[in-house]
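What follows is one structure encoded as structure tokens, with my remarks underneath.
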Amino acid sequence: MHQLTKAITLLVVFVTGFHSGLAQAGNVKSWVEQEITLLIPLYEHLHSHPEVSNQEVKTAARIASELKSAGFEVTTNIGGHGVVGILKNGSGPVVMFRTDLDALPVTEETGLPYASSVKIESTEGVATGVMHACGHDLHMTNFIGLARILAKHRDEWSGTALLIGQPAEEVVSGARQMLEDGLFTRFPKPHFALAVHCDPGLQSGVIGYRSGFIMANTDSCTITMRGRGGHGAVPEICIDPIVQASQLILDLQTIISREISPLESAVITVGAIHGGTKNNIIPNECKLLLTIRSYSPQVRQHLHEAIQRKAKAVAMSFQAPEPIIELKEGVSATYNDADLIQRVLPALGEALGDENLVPAGQSMVAEDFSLYGRANVPLFMYRLGTVSPEKLAASIHEGTLLPSLHSSTYAPDVRPALQAGLTASTAAMLSLMPKTAVSN
């Protein structure tokens, strides 16, 4: 009899929770519908007023104003132009949601009526346009929609919402800047951290998820091959650094093909080579600029050591001076916490429909969202589909490529993407901050 009573009790709990989840999913959809139309003008404003990394003055001010209007306690100028919004709502976990604020030095060519016409002079002194070509405008709009919903429906959750507007993601320094300025010491340290990232190859209305590594370690390296300059007509009395550099470019690729397991992911790209001034002069040196990508710490370390070994070996084979190798470690790989995803995924399925949740692939691009994970906060960054079904179908049928992130023609399918993103973001936050039951 006791076992039967226990079984019935568990069944009642399950059914009650199931129906409660469905009811909340229905509420989330309704709340999002109410916000979408009001959010579109905000999106268009942010899109047409982009600011590059570490110059997000007006963008940060607008985000801070929106958070204050929603009822958040707001602190500005954290780690530069970072914004922190806190909404305390009883006991419970602290859950962080991050958006990035910055745009790119790209001249927009989308033809949209609200396209950016902002112009700046780059750090290299070159005139360029500025564009939200990575979807940060959509991230920010989703972020503000989430803030409004959380503030309006406090009876549906319990805990502390920590909303972060982060500068300088595109130069992967903003997270570090905010952490060094006391993000997790001056403000409550979160139990979980969430973020969304636009996906230029995924259909709008769809959310992509993945446990484990989703974005890569990224490091850079400058190698200066040194020689002995002279006249191009007498190479026998010179040591040619350009030939050294040319050999090294090929040798570096054998690190990937012959030293790294085919089951691991790694990339070494030589993005620039600078050497010489004239066709008949052998220069004294030639510089190579590299980007290095990996996932595991072991592969990352192997790449660093192998690059130095290959460069020194080439120089030795030419009887040249040892090269100057400047290795700069960037950000670590972004790792999605499996337990956190399993906790959030059912809520996303209820709110969006399981058919709109798809496994996402890994990417060798980098994201400094990873640094919050290095501070021992479980992370979940999910992919937001931004391509209309019509464009996706045409691309497949015609065999043409869709515009990538950072492209001057990247234009998200805004309303459906925002609707899915805001639905997912709200459902995820509520699942991690359930309303505390009050006993009589």
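The values are calculated or read from the model by the stated rules, or taken from the named source; none is laboratory data. This one's a predicted model, so the numbers in the text were calculated from it and none came from an experiment. With ideal geometry, Cβ positions are generated from the backbone for all residues, glycine too; neighbour counts draw on all protein chains shown.
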When you check G373 against the structure, is it of a type outside the set (F, W, Y) and surrounded by fewer than 18 Cβ atoms within 10 Å (Cβ to Cβ), yes or no? no
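Identify, from the list A306, A311, A315, A266, the residue that is more than 20 Å from T218 (Cβ to Cβ) and either surrounded by 14 or more Cβ atoms within 10 Å (Cβ to Cβ) or among the charged types (D, E, K, R) (or both).
The conditions single out A315.
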Candidate set: the stretch 65-79, residues that are surrounded by fewer than 21 Cβ atoms within 10 Å (Cβ to Cβ) and not β-branched (V, I, T); chosen: the one nearest to G135 (Cα to Cα): S65
When the stretch 312-339 is examined, which residues are found to be aliphatic (A, V, I, L, M) and in contact with a helix residue (DSSP H, G or I) (Cβ under 8 Å, 6 or more places away or on another chain)? A313, V314, A315, A320, I325, L327, V331, A333
Where in the stretch 26-145 are the strands (runs of 3 or more DSSP E), entirely inside, with at least 1 residues that are without any contact (Cβ under 8 Å) to a residue 24 or more places away in the chain? 73-78, 119-121, 127-129
So L179, is it within 30 Å of V28 (Cβ to Cβ) and either modelled with pLDDT of 95 or more or touching a helix residue (DSSP H, G or I) at 6+ places or on another chain (Cβ under 8 Å) (or both): no
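Out of the stretch 121-147, which residues are among the polar types (S, T, N, Q) and more than 17 Å from Y382 (Cα to Cα)?
S122, T123, T128 - these are the residues of the stretch 121-147 that are among the polar types (S, T, N, Q) and more than 17 Å from Y382 (Cα to Cα).
Kindly state which strands (runs of 3 or more DSSP E) lie completely within the stretch 272-343 and contain at least 3 residues that are within 30 Å of V171 (Cα to Cα), in contact with an Asp or Glu (Cβ under 9 Å, 6 or more places away or on another chain) and not hydrophobic (A, V, I, L, M, F, W, C).
Correct list: 285-294.
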Do we find a residue being more than 30 Å from S404 (Cα to Cα), surrounded by fewer than 24 Cβ atoms within 10 Å (Cβ to Cβ) and either touching a His at 6+ places or on another chain (Cβ under 9 Å) or among the polar types (S, T, N, Q) (or both) anywhere in the stretch 175-185? yes
Within the stretch 380-414, track down each residue that is part of a helix (DSSP H, G or I) and free of Cβ contacts under 8 Å to residues at least 12 places away in the same chain. E390, A393, A394, S395, I396, H397, E398
Right, D339: in the same structural domain as R176 (by TED's automatic domain parsing), among the charged types (D, E, K, R) and under 21 Å from the mean Cα position of the chain (by Cα) or not? yes
